[in-house]
Every structure is written in C-alpha cells, then in structure tokens.
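J.: Got a structure for you, written out below as structure tokens; questions coming shortly.
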Amino acid sequence: MGIIMLSTKDFLSIADLSSHELSDLISFSVRIKRKPRRYRRALAGKNLLTLFAKPSLRTRLSFEVGMQQLGGHAIYYSIEESTLGHKETISDFANTASRYVDAIMARLYSHKELLSLAKHSSVPVINGLTDFSHPCQALADAVTMLERKKKLAGLKLAYFGDGKNNTCHSLLEACAKLGIHMTIAAPKHHEFQPDHTVLDTAKTEALRNHCMINVTTDAHSAAANADVLYTDAWMSYHVSTREHARRRKALKHYQVNEELLSLAAKDAIFMHCLPAKRGEEVTSEVIDGPQSAVFDQAENRLHAQKALLIRLLKEG
Ligand code: CP
Ligand code: NVA
C-alpha cells in the first residue's frame with residue numbers, strides 16, 4: 001500500500017482525519033515501533049517548536065525524544081517566557097515562528113487560540129492538548145488497543161467519570177472513526193457531559209462505521225463485558241483547586257476499582273492517559289494491576305507522534 005499523505009496541514013483534531021487516514025497513521029506507528037532505525041534520518045534538518053502553557057511529562061518527552069530519533073530537533077518554549085498573549089498577537093507569533101521552524105506543537109488552555117495559531121502559521125500545527133481535546137493521546141491509545149486486543153473494530157470501550165474532558169472528546173472521535181463501541185458513564189449534570197457537537201458528530205460517524213456511542217449515568221452497566229475500561233483525571237490541569245471537593249463528591253461513583261473491573265470482559269484492559277490520582281478516578285489495585293496498559297499508552301505516544309510528524313513534515 002502506498003503512503004497516504006494527510007489531507008490537512010495541521011493535526012488539531014481526530015475529526016479532521018478520514019477513517020482511512022487515521023487507520024494508516026495507526027499502522028504506520030506500529031511499523032515505526034517495530035523498526036525505529038529505518039526512520040532515523042526521516043526528519044533530518046527539521047525543527048519543531050514545542051510551546052507549553054501547562055505542565056507535561058509525556059507530551060514534552062515524547063515530542064523531544066521523537067524528533068531526536070528522527071534526526072530532527074525540538075525546541076522547548078514555555079508560554080511564560082514567550083511573547084504570546086501579552087506582548088505579541090497570536091498572528092505575529094505564528095508568522096514569526098513559521099519563518100524559523102518546520103512545525104509547531106502547542107499545549108494551550110484555549111482551543112480557539114490553538115485554531116488561531118494554526119490559521120496564522122504557514123507550517124503544520126499539532127494539538128498537544130487544549131481544554132477541549134487531546135488528539136495525540138487518542139492516536140496513541142488506538143495503537144495500544146490494537147497491540148493489546150489485536151483488533152479495533154468491534155471492541156467495547158467504557159469511559160468513566162468526567163465526560164466533558166479533552167481526552168474523552170478525542171477518544172469519542174477516534175472510536176467513531178475506527179468502529180469501536182464507546183459508552184461514557186458520567187454524572188448527568190452538564191458539567192460532566194461530553195460536548196454536544198462532539199457527541200452528535202461521533203454518533204453520526206459511528207453509524208457509518210457500524211458501532212454505537214452511548215452515554216449513561218450507570219457505571220456498572222457501562223462496565224459490563226467491556227474490553228477496555230478508560231478513565232482520566234477528575235482534576236484536569238485547567239480545573240481550579242476551589243472545585244476539587246465538589247467534583248470529588250460528584251464523581252465518586254465513577255471510580256474504576258476492582259469491583260467495576262470484575263464486571264468487564266475477563267481479558268479487559270485498563271487505560272488512563274496519565275497523570276493519574278490513585279484513590280480518585282482509579283484505585284492502586286487497578287492501575288498497578290496486571291490488566292493495566294497505562295505505560296504502553298505512554299510509550300506509544302512516542303511512536304504515534306513520530307508517525308504523525310513524518311506524515312506532516314515529509315514532502316512527497
Ligand atoms: N498524557 C499526557 O498528555 O501527559 P502529560 O500531561 O504528561 O503530557
Ligand atoms: N484531562 C487531562 C489530561 C492530561 C493529559 C488534563 O487536561 O489535565
């Protein structure tokens with residue numbers, strides 16, 4: 001099969017890719033993981049600017065190491081020491097950065113600002129997480145599910161807790177494109193429900209790909225016979241400490257613990273994008289137990305993003 005170039009300049013959302021492009025990126029990630037040395041000069045001479053408005057372990061390390069392993073270079077830039085937002089407009093920042101680097105990876109609070117950065121950059125922009133979505137995570141998670149479960153279409157994924165969540169939104173988009181059934185178990189208050197547009201679009205796409213997207217308040221029914229149990233932090237980077245006690249109370253019935261895991265398929269895996277808080281969204285027994293795939297997920301960020309960078313940056 002020939003190389004499938006991406007039809008978009010940027011990687012801002014899983015929804016911007018066709019199912020075919022997404023599947024190709026996943027299989028390319030697996031090939032890179034198997035034979036990393038084959039790609040060690042793939043991005044020789046290329047520079048990636050990595051811009052961070054929030055903390056990071058995985059995103060920062062995987063992009064920096066990934067660029068280095070492809071023969072290129074990554075420049076770390078914290079938003080605090082940048083001119084963006086206080087001294088310079090997004091447009092001036094984007095126009096200037098595009099004259100120096102070959103691509104920009106940005107982790108920002110506002111998704112609107114990310115879209116504006118992409119609009120004004122002549123080089124590809126990669127979403128390294130906004131409050132709204134986390135497409136690099138969903139791409140790596142699809143690689144992990146394929147490795148662990150040997151297939152994607154027809155799998156049953158259950159997501160627990162905070163449904164109005166960047167990782168959850170990108171997973172919704174990915175599952176719908178890949179034929180994975182996804183059930184979100186979350187409190188009924190709108191604060192914890194997935195974004196309407198993301199949900200409706202995913203439901204429509206899911207119909208085309210023969211899978212179902214559901215939302216329920218019942219964690220037990222969501223877990224029943226699931227192949228994958230997924231959760232994310234109840235206190236995302238953008239959640240203020242004032243909200244912690246109230247959110248902990250609202251989300252307590254959605255913790256992934258041994259009782260919930262016992263309802264899933266016997267060979268089910270547990271997934272979490274990390275960072276995790278043991279005793280909140282997941283217990284130590286589950287995240288540190290034999291069914292946990294969390295460090296494979298973290299590793300696969302590296303391979304999946306290398307595939308993405310090559311597809312975005314390599315001409316021809
Ligand atoms: N999963 C993830 O994006 O982790 P970091 O916040 O450490 O980058
Ligand atoms: N939902 C989490 C994901 C972290 C990778 C957050 O935004 O903090």
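J.: Using only alpha carbon positions, build the gyration tensor of the range 225-316, then give the equivalent ellipsoid semi-axes as the square roots of 5 times its eigenvalues, largest first, whole angstrom.
T.: So the three semi-axes of the range 225-316 are 29, 20, 10 Å.
J.: Amide H neighbours of Phe11 under 5 Å, at least 5 residues apart or on other chains, H built in the peptide plane: list them.
T.: Val125, Ile126, Asn127
J.: Excluding residues fewer than 8 places away in the same chain, name every one of the lysines whose C-alpha is closer than 20 Å to that of Lys87.
T.: Here the lysines satisfying the reach criterion relative to Lys87 are Lys54, Lys112, Lys119.
J.: Just to confirm the filter: which GluC sites (Glu not before Pro) across the range 217-316 are DSSP coil and have at most 11 other Cβ within 10 angstrom of their Cβ?
T.: For GluC sites (Glu not before Pro) across the range 217-316 that sit outside H, G, I, E and B with at most 11 neighbouring Cβ atoms in 10 Å, the list reads Glu315.
J.: Here's another thing I want to ask about it. Over the chain, what is the relative contact order in whole percent, taking alpha-carbon pairs under 8 Å and six or more residues apart?
T.: 20 percent
J.: For the range 1-160, what relative contact order do you get, as a whole percent, if you take Cα pairs closer than 8 Å and at least 6 residues apart?
T.: Rounded, it is 25 percent for the range 1-160.
J.: Answer with one residue from Ala264, Tyr254, Val239: the one whose Cα lies farthest towards the positive end of the charge dipole of the range 236-277, charges on Cβ with Lys, Arg +1 and Asp, Glu -1.
T.: About the Cα centre, the residue reaching furthest to the positive side is Val239.
J.: Sticking with this structure for a sec: Give me the extension gain from His20 to Asp92: residue separation times 0.36 nm, minus the current Cα-Cα distance, reported in nm with one decimal.
T.: 22.4 nm is the gain from fully extending His20 to Asp92.
J.: Starting from the Cα coordinates of the chain, work out the convex hull volume and express it per residue in Å³.
T.: Taking only Cα atoms, the chain has a hull volume of 127 Å³ per residue.
J.: Taking the Cα centre of the chain as origin, work out the dipole magnitude from +1 charges on Lys and Arg Cβ and -1 charges on Asp and Glu Cβ, in debye rounded to 20.
T.: Value, rounded to 20: 820 debye.
J.: While we're looking at this one, here's another question. On each of the three principal axes of the Cα atoms of the range 126-183, give max minus min coordinate, whole Å, ordered largest first.
T.: Cα extents, longest axis first: 31, 24, 17 Å.
J.: Pairs to check: Lys46/Lys177; Lys156/Lys266; Lys149/Lys277; Lys277/Lys306; Lys203/Lys266. Give those whose C-alpha atoms are more than 22 Å from each other in this structure.
T.: Lys46/Lys177; Lys149/Lys277; Lys277/Lys306; Lys203/Lys266
J.: Next question. Over the range 77-186, one equal point on each Cα, no solvent: what is log10 I(q)/I(0) by the Debye formula at q = 0.11, 0.13, 0.16, 0.24 Å⁻¹?
T.: Taken in order of the listed q values, log10 I(q)/I(0) reads -0.45, -0.59, -0.78, -1.23.
J.: Dipole of the range 88-151, Cα-centred, from +1 at each Lys and Arg C-beta and -1 at each Asp and Glu C-beta, to the nearest 20 debye?
T.: Using only the charged Cβ atoms, the result is roughly 440 debye.
J.: Trypsin sites (Lys or Arg not before Pro) within the range 246-286: which are DSSP loop residues with at most 10 other Cβ atoms inside 10 Å?
T.: For trypsin sites (Lys or Arg not before Pro) across the range 246-286 that sit outside H, G, I, E and B with at most 10 neighbouring Cβ atoms in 10 Å, the list reads Lys266.
J.: Follow-up question, since we're still on this one. Would you grab the residues whose amide H sits under 5 Å from the one on Tyr230? Only those 5+ places off in sequence or on another chain, please, with H modelled 1.01 Å from N.
T.: Ala158, Tyr159, Phe160, Met271
J.: Between the range 216-269 and the range 1-72, how far is it from one alpha carbon centroid to the other, in angstrom?
T.: If we compute the Cα centre of each part, the gap is 30 Å.
J.: Determine the dipole magnitude for the range 121-191: charges of +1 sit on the beta-carbon of Lys and Arg, -1 on that of Asp and Glu, nothing else is charged, the reference point is the Cα centre, and the result goes in debye to the nearest 20.
T.: It works out to roughly 420 debye.
J.: Provide Phe270, Phe63 in ascending order of the number of other Cβ atoms located within 10 Å of each residue's Cβ, fewest first.
T.: With the sparsest Cβ surroundings first, the list reads Phe270, Phe63.
J.: So, one more: Could you give the semi-axes, largest first, of the ellipsoid that matches the range 1-101, computed as the square roots of 5 times the alpha carbon gyration tensor eigenvalues and rounded to whole Å?
T.: The equivalent ellipsoid of the range 1-101 has semi-axes of 27, 18, 13 Å.
J.: Something else now. Starting from the 7 Å offset along Cα-to-Cβ, what nm value, one decimal, do you get for the label separation of Val65 and His189?
T.: 3.9 nm
J.: If a paramagnetic tag sat 7 Å from the Cα of Lys266 along the Cα-Cβ line, which residues of the range 192-221 would have the backbone N under 16 Å from that point?
T.: Within reach of a label on Lys266, which here means backbone N under 16 Å from a point 7 Å along Cα→Cβ, the range 192-221 contributes nothing.
J.: Among Ser56, Gly161, Ala202, pick out the residue whose Cα is farthest towards the positive end of the charge dipole of the chain, where Lys and Arg carry +1 and Asp and Glu carry -1 on C-beta, about the Cα centre.
T.: Of the options given, the answer is Ser56.
Each reported figure results from applying straightforward, stated rules to the coordinates on display, with no laboratory input. What you are looking at is a predicted structure, and each value in this text was computed from that prediction instead of being measured. Please note: Cβ atoms are built from the backbone with ideal geometry, for glycine as well, and neighbour counts cover all protein chains shown.
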